[in-house]
Structures are given as structure tokens and as C-alpha cells.
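Data block below; observations after.
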Amino acid sequence: MRYKSQSVAYWYFAVAMALFGLQLVFGLLSAAKYLGPDPLLNILPFDVTKMMHTNLLIVWVLTGFMGGTYWVVPEESRAELYSVKLAYVQLVLWTIMGVATIIGYFFRYGTGNKLLEQPLPSKLVIVLVMLMFLYNIGMTIRRAGRLTTTEGVLLGGLGLAAILYVPALLHYQNYTVAIFYRWWTIHLWVEGVWEMIQGGLMAYLLIRLSGADREVMEKWLYVIVGLVFIAGILGTAHHYYWIGVPGYWLPIGGMFSALEPLALVGMAIYAYSAIRRSGLSHPNVLALHWTVGSAVFTMFGAGLLGVAHTLPSVNKWTHGTLITAMHGHAAFYGAYVMIVLAMISYALPALCPGRSEKGTALGYWAFWLQLGGMFGMTLAFATAGIGQVYLERIMGLGYLDTQLKIQIHFVMLTATASLFTIGVGLFIYDFFRYPPQFAVSREAEPELPPLAVAASN
Ligand code: HEM
Ligand code: HEM
Ligand SMILES: [Fe+2]
């Protein structure tokens, strides 16, 4: 750790880990409901457990992004954070909001707007927290007088993510209008500005893990971000096919969203070629697994499995089925879970000095079990989804009759999800195994030659 204030990242990561564990509890509960009698039907029905599952996902991934940013910005701008105290107040407020919102769902206190179910008081706290966060980071950079492209892309993504949450604050009577704007938040987050966050974190990690030249890496980062926006903005229309808006959205959605994988393939080539051409310049091979893994799994889950159901001619059959869940899991995991776990794996040896720099054996088990588990879960959702589309949408069987016929796939889902859960359990255990110790070390500082250190002493 080069700057003392980077230690705040540890507590953000710790909260993220705890909420990740809790997210899986509600995922497993949701899956169990597909399998048989549901003793919790009246206390915690499926819609509630699913809502808790997805909301915890969003909260913990954002916590990871914020922790990652608090780690990256001091290093990139070469300055301590503007206010450590503000960062802690922000974390406490955010965590209380997250937990209170989940407890509120238990009592059905939510808006019912998928993924944006947070009631208004929670939404207002989210806005406040984002403002505190952006102010703290903005002041840090202003005081330092140094902004790199990598952190610029990262912060651009975070700032735009906050702005795109604004439509979620408004309430629309008309259902079509409500759905139309809902995607400005959800789609433009995951297929737009969050990809800037992923790209920024990935560039930071690749520059440090490989010997790749910063200038070259940052130039290609612009190209990737450009591609994301060219396809992603009008690609929003792949959610407009069946919601009651004019028909011209069908070709627009099909055409532009079919181009979206370009940026994701670009990102995978970017990661692979950085390592291949420049080699490794850092001992942390585990962090490298997560970083390159994120690029490759995104190409699979978001790129391939996204495009698989994005054309109107396919989506008219698959819309809102388990095919969507298949893609949602693989895409979210590759792009956002894995990049957060990469940041954590990279920063952790510096935050907990007892750890090995190249990653622990448990850490590698966690990586492969999660990867295998998530791949299996994706296949389980895919096979269930294909069965569902044929039986329900094409053959016209009723929804519940269909569910009975595809139940066997949920046995596979539960088995592979259990493997995945063991992988996550190991990651969390490995995270908390070594106590944090926040000692500043400038040894690894490449930009400060010994003379400059001597002069400043
Ligand atoms: C990292 C990037 C991505 C993430 C995290 C992601 C995640 C998701 C999630 C969670 C949903 C379900 C949303 C809901 O119903 O509320 C969804 C839907 C969808 N995604 Fe993605 N996605 C990503 C990229 C892509 C890409 C690149 C494509 C196309 C090439 C795509 C195509 C679709 C389509 C067509 C739907 C609608 C499915 C339906 O009609 O039910 N996604 N995505
Ligand atoms: C123990 C592991 C997990 C299990 C058993 C599980 C199970 C489930 C189930 C049963 C659903 C409801 C699907 C439906 O609507 O029919 C669901 C939804 C969802 N899960 Fe998971 N999940 C797990 C982990 C994860 C992880 C790690 C992520 C993020 C990467 C994730 C992201 C999502 C998303 C985005 C949805 C909403 C999909 C949609 O309807 O559009 N889940 N999950
Ligand atoms: Fe989308």
C-alpha cells in the first residue's frame, strides 16, 4: 500500500464480501422453490427472495466498485484521499441503507419495479451516498492536480451511473412509459457505463500486472469505450420490442445490440494481448486469473449469450424466460463480479501483509470452483430455458405444467450452485483469514526514484 488512505478500501471489500454471501443465501432459496413444496410460501415467497437476491447483488457489486475506486485513485493521482472520514461515513450510511432495504422487502416495502425495487427513502440515501463519494474522489483529484485516463474512464463510469439512476427516482403511471425509462437505468448501466468501470479497473490491473505500456493500454481503452457506446446506447431498444412502443424500435434494437459483442471481444483481446506481448511484471498471478477471467467470461456471458437472444425473431420466443436468467447470471458474473474479485485479489496482499503475494492455494480453489460452478449454472438455466421455450411458448403448454417438466434442470442448478457457493465460501474465508494491517510501503513505487524520496525526507 503506497497511501495510507487506501486502507478504506479494505472495509468496503469486507462489507461487499458479507453481502455477497447473503446474496447467495437468497439465490439458493429462490432455486429451492422451483424444486418442491415451499414451506416458506407465505413468509418469503419467490418474488421476495428473488428481489433480495438481485438487490443484494447490485449493492455489493457497487460496494466493490467504490472500494476499488478508493484503492485506485490515490495511486493514480499520487495523493492521499481528500477525506477518509467522509469515506467511512459514506460506507456506514450505504451499508445501513442496504440492510434496511432488504429488511423492508421482508415486509413487502418496495416498489415492484424489477431491479429498482428500492423504496423512495432508500433511493434518496443512494443519491446522497453517490454524491458524497463523487465529491470525495473529485476533491482528491483536484487537490492532486493529476488525472490519468484510466481513472478518468473509471470515474466517468461512476458519475454517469449516478446520473442514470435519476430516471429510477421518478414514478410513471403509464406502464409502457415506466418500462421505457426503466431501461435507461438498467440497460445503460450494465451495457454502457458499468462497462467503463470494468474497463477502467481492468486497465489499472493490466498495467500493473503485465509490463504493458500505459500509453498503449489507455489508447485501446478509449477504443473499447467508444465501441461500447456506439452499440450500447441504441442497443437499449432490444428491451423495447414488446412493451408497446412503435415498431421501428425492432430493427434498431436488433441491429445495434447485435454489434454489442464487438466491444466485449475487444476487451478480451486487450487483456490477452497485454499479457502475451508484455509478460508478467508482478507476482500476483491469482489477481491475473481474475482479471483475464473477467474479460473472457464477459465475452461468453454477455457477448455470446447476450447476442443469442437479442434479435427480435429469437427474443419473441425467449423474452422473460429462463434464457434471460441464463444470460443474466453469466454476464453479471463475468463482467462485474469477477472484476471486483480481481481488484480485491490484487489489493489484499498489501492490506493484509501476512498473505502470499502470488495468491493463496485456497484462492485458486475459490477461483476454479466458482468458475466451474457458474459455468454449470449457466448450462442448467440454458437447458431449462430451451425446454421452457419449446413447451410453453411453441407447444402452448401452461406455465406450471411446463415448470414440472423442466424441474430436473433445477437439480442440476442446485448441484452446480452448491459448487459455486463453496468457491465463494472459500474466497470469503480466505479474505478474512489474515487480519488487516495498514502499513504504508513505498518500495514498489515505480514513479518515485530513490533520489526523489531522499530529497523529500
Ligand atoms: C455485462 C454486460 C451485461 C449484463 C450484466 C447483462 C445482464 C442482463 C440482465 C440482468 C438481464 C435481465 C434484465 C431484466 O429482465 O430486468 C438482461 C437482459 C437482456 N440482455 Fe443482457 N447483459 C449484458 C450484456 C448484454 C449484451 C451484450 C446483449 C446483446 C448482445 C444482451 C442482451 C440482452 C437481452 C436481449 C435481454 C432481454 C432478455 C429478455 O427479453 O427477457 N445483454 N441482461
Ligand atoms: C448460489 C448461487 C445462485 C443461485 C442458486 C441463484 C439462483 C437464482 C434464481 C433461482 C433466480 C430466479 C430466476 C427466475 O427468475 O426464475 C435468480 C435470479 C437472478 N440471479 Fe441468481 N443465483 C445464484 C447466484 C447469482 C450470482 C453470483 C449472480 C450474479 C452474478 C446472480 C444474478 C442473478 C440475476 C441478475 C437474476 C435475475 C435474472 C432475471 O430474472 O433477469 N445470481 N438467481
Ligand atoms: Fe440490454
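The values are calculated or read from the model by the stated rules, or taken from the named source; none is laboratory data. As the structure is a computational prediction, the values presented were derived from the model and not from experiment. Every residue, glycine among them, receives a Cβ derived from its backbone with ideal geometry; neighbour counts consider all protein chains shown. Side chains are part of the model used for accessible areas, which takes the heavy atoms of the whole protein and leaves out ligands, DNA and RNA. Shrake-Rupley method; radii C 1.70, N 1.55, O 1.52, S 1.80 Å.
Within region 48-105, which residues are under 24 Å from residue 329 (Cα atoms) and among the small types (Gly, Ala, Ser)? Listed by number, the residues that qualify are 64, 67, 68, 98. A single member of 44, 56, 62 is within 16 Å of ligand 1 (Cβ to nearest atom), farther than 18 Å from residue 201 by Cα, open to solvent by less than 30 Å² (accessible area, probe 1.4 Å) and among the hydrophobic types (A, V, I, L, M, F, W, C), and it is 56.
Each residue in region 165-207 was checked for being in a helix (DSSP H, G or I), open to solvent by less than 30 Å² (accessible area, probe 1.4 Å), hydroxyl-bearing (Ser, Thr, Tyr) and away from ligand 3 (no atom under 16 Å from the Cβ), and 1 pass.
Picking from residues in region 360-380 that are open to solvent by less than 20 Å² (accessible area, probe 1.4 Å) and closer than 20 Å to residue 322 by Cβ, the one that is nearest to ligand 3 (Cβ to nearest atom) is 378.
On the given criteria, is residue 256 open to solvent by 10 Å² or more (accessible area, probe 1.4 Å) and within 11 Å of ligand 1 (Cβ to nearest atom)?
Yes.
Before we move on, is residue 342 within 13 Å of ligand 2 (Cβ to nearest atom), open to solvent by less than 20 Å² (accessible area, probe 1.4 Å) and under 22 Å from residue 68 (Cβ atoms)? Answer is no for this residue. With a requirement of 2 or more residues that are within 16 Å of ligand 3 (Cβ to nearest atom), the helices (runs of 4 or more DSSP H) lying completely within region 253-352 that satisfy it span 261-278, 312-318, 322-332.
When residue 219 is tested against (1) within 16 Å of ligand 1 (Cβ to nearest atom); (2) surrounded by fewer than 18 Cβ atoms within 10 Å (Cβ to Cβ); (3) of a type in the set (Lys, Arg), exactly one condition is not met: (1).
So that you can scan it fast, the table gives a plain yes or no per residue for (1) at positive phi; (2) in a helix (DSSP H, G or I); (3) at pLDDT below 95; (4) open to solvent by less than 10 Å² (accessible area, probe 1.4 Å):
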{"site": "82", "(1), (2), (3), (4)": "no, no, no, no"}
{"site": "85", "(1), (2), (3), (4)": "no, yes, no, no"}
{"site": "94", "(1), (2), (3), (4)": "no, yes, no, yes"}
{"site": "97", "(1), (2), (3), (4)": "no, yes, no, no"}
{"site": "100", "(1), (2), (3), (4)": "no, yes, no, no"}
{"site": "115", "(1), (2), (3), (4)": "yes, no, no, no"}
{"site": "121", "(1), (2), (3), (4)": "no, yes, no, no"}
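Within region 326-345, track down each residue that is farther than 16 Å from residue 428 by Cα and touching a Phe, Trp or Tyr at 6+ places or on another chain (Cβ under 6 Å). Those that are farther than 16 Å from residue 428 by Cα and touching a Phe, Trp or Tyr at 6+ places or on another chain (Cβ under 6 Å): 326, 334. Scanning region 345-359 for residues that are polar (S, T, N, Q) and open to solvent by less than 30 Å² (accessible area, probe 1.4 Å) yields a count of 1. Here residue 104 passes the criteria (1) part of a helix (DSSP H, G or I); (2) in contact with a Phe, Trp or Tyr (Cβ under 8 Å, 6 or more places away or on another chain) except the one numbered (2). Of the residues making up region 228-252, just one is touching a His at 6+ places or on another chain (Cβ under 7 Å) and away from ligand 3 (no atom under 12 Å from the Cβ), namely 242. If the requirement is being more than 8 Å from ligand 2 (Cβ to nearest atom) and more than 20 Å from residue 117 (Cα to Cα), which of these qualifies: 40, 22? Going through 40, 22 in turn, just one is more than 8 Å from ligand 2 (Cβ to nearest atom) and more than 20 Å from residue 117 (Cα to Cα): 40. Against the numbered list (1) in a helix (DSSP H, G or I); (2) under 30 Å from residue 405 (Cβ atoms), residue 132 comes up short only at (2).
With respect to being away from ligand 1 (no atom under 13 Å from the Cβ), more than 30 Å from residue 80 (Cβ to Cβ) and in contact with a Leu (Cβ under 9 Å, 6 or more places away or on another chain), residue 169 fits the description. Across region 298-323, the qualifying residues are those that are within 7 Å of ligand 1 (Cβ to nearest atom), open to solvent by 50 Å² or more (accessible area, probe 1.4 Å) and touching a residue at least 24 places away in the same chain (Cβ under 8 Å), and the one among them that is farthest from residue 224 (Cα to Cα) is 319. Please work out if residue 162 is within 28 Å of residue 310 (Cβ to Cβ) and surrounded by 21 or more Cβ atoms within 10 Å (Cβ to Cβ). Taking the combined requirement at face value, the residue does not satisfy it.
Please work out which one of (1) touching a residue at least 40 places away in the same chain (Cβ under 8 Å); (2) touching a Gly at 6+ places or on another chain (Cβ under 6 Å) is the condition residue 53 fails and give its number. Among (1) touching a residue at least 40 places away in the same chain (Cβ under 8 Å); (2) touching a Gly at 6+ places or on another chain (Cβ under 6 Å), the lone unmet condition for residue 53 is (1). In region 272-293, the count of residues that are crowded, with 20+ Cβ neighbours inside 10 Å, among the aromatic types (Phe, Trp, Tyr), within 23 Å of residue 75 (Cα to Cα) and more than 14 Å from ligand 1 (Cβ to nearest atom) is one or more.
Looking at region 232-244 only, could you name the residues that are in a helix (DSSP H, G or I), more than 8 Å from ligand 1 (Cβ to nearest atom) and either free of Cβ contacts under 8 Å to residues at least 12 places away in the same chain or out of contact with any Gly (no Cβ under 6 Å at 6 or more places or on another chain) (or both)? Selection gives 233, 234, 236.
When region 176-194 is filtered for residues that are out of contact with any Leu (no Cβ under 8 Å at 6 or more places or on another chain) and within 16 Å of ligand 2 (Cβ to nearest atom), the ones remaining, listed by number, are 179, 183, 187, 190, 191, 194. All conditions in (1) touching a residue at least 24 places away in the same chain (Cβ under 8 Å); (2) assigned to a helix (DSSP H, G or I); (3) surrounded by 14 or more Cβ atoms within 10 Å (Cβ to Cβ) hold for residue 143, with the sole exception of (3).
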